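The values are calculated or read from the model by the stated rules, or taken from the named source; none is laboratory data. The structure displayed is predicted, hence computed values, not measured ones. Please note: Cβ atoms are built from the backbone with ideal geometry, for glycine as well, and neighbour counts cover all protein chains shown. Please note that ligands, DNA and RNA were not included when accessible areas were found on the heavy atoms of the full protein model with its side chains. Shrake-Rupley method; radii C 1.70, N 1.55, O 1.52, S 1.80 Å.
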Amino acid sequence: DLGERLASAAHRVLGGKHPALFVGTDCPALDAGRMREAAESLREHDAVLIPATDGGYVLLGMRRFEEHVFQGIAWSTSAVARQTLDKFEKLGWRCESRAPLPDIDEPENLELLPAEWCEVRCG
């Protein structure tokens, strides 16, 4: 499941003592500036999270690996971000949670795409 894939990726990167940002590919508002700010947040926090407006998250940053962070999460539900933040709290980690951003999960979410992405060019 998604938790196992995230745990595997986190173990590979964080096991080597490098901080990591895990990002979704379905959030057009998650730009380079927001990712840079999240990375900078890891200088003073153990984790950073940018929630999705639907209750998931679009970015998760961590400085260290803890397998339990990814276990017991109700993936693909509105509880994902809250459950993840609860796990950080139980670990005693300092976590920064940023303002939520919308992601594109359903056809009705396509209206959130930037207009320039939706132009059709005929040749």
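Between L110 and H68, the C-beta separation translates, for a Förster distance of 35 Å, into a calculated FRET efficiency of about 0.45.
Could you work out [θ]222 nm for the chain from helices alone, using -39500 (n - 2.57) per DSSP H run of at least four and dividing by all its residues? Round to the nearest 500 deg cm²/dmol. So the helix-based figure for the chain works out to -9000 deg cm²/dmol.
Along its principal axes, segment 1-70 has C-alpha extents of 29, 29, 16 angstrom, given from the largest down. For L2 and L91, a Förster radius of 22 Å and the Cβ-Cβ distance give a FRET efficiency of 0.65, rounded to the nearest 0.05. Given a 1.4 Å probe and the protein chains as shown, R98 ends up with an accessible area of around 70 Å². For the chain, DSSP calls about 70 percent of its internal beta bridges antiparallel. With coordinates expressed along the principal axes, the C-alpha atoms belonging to the chain extend over 53, 28, 25 Å, beginning with the largest. Shape class of segment 59-118 from the alpha-carbon gyration tensor: prolate, with a/c at 1.5 or above and a/b greater than b/c.
Residues considered: D86, D103, D54. Largest GNM mean-square fluctuation over the chain, using C-alpha springs under 10 Å, is found at D86.
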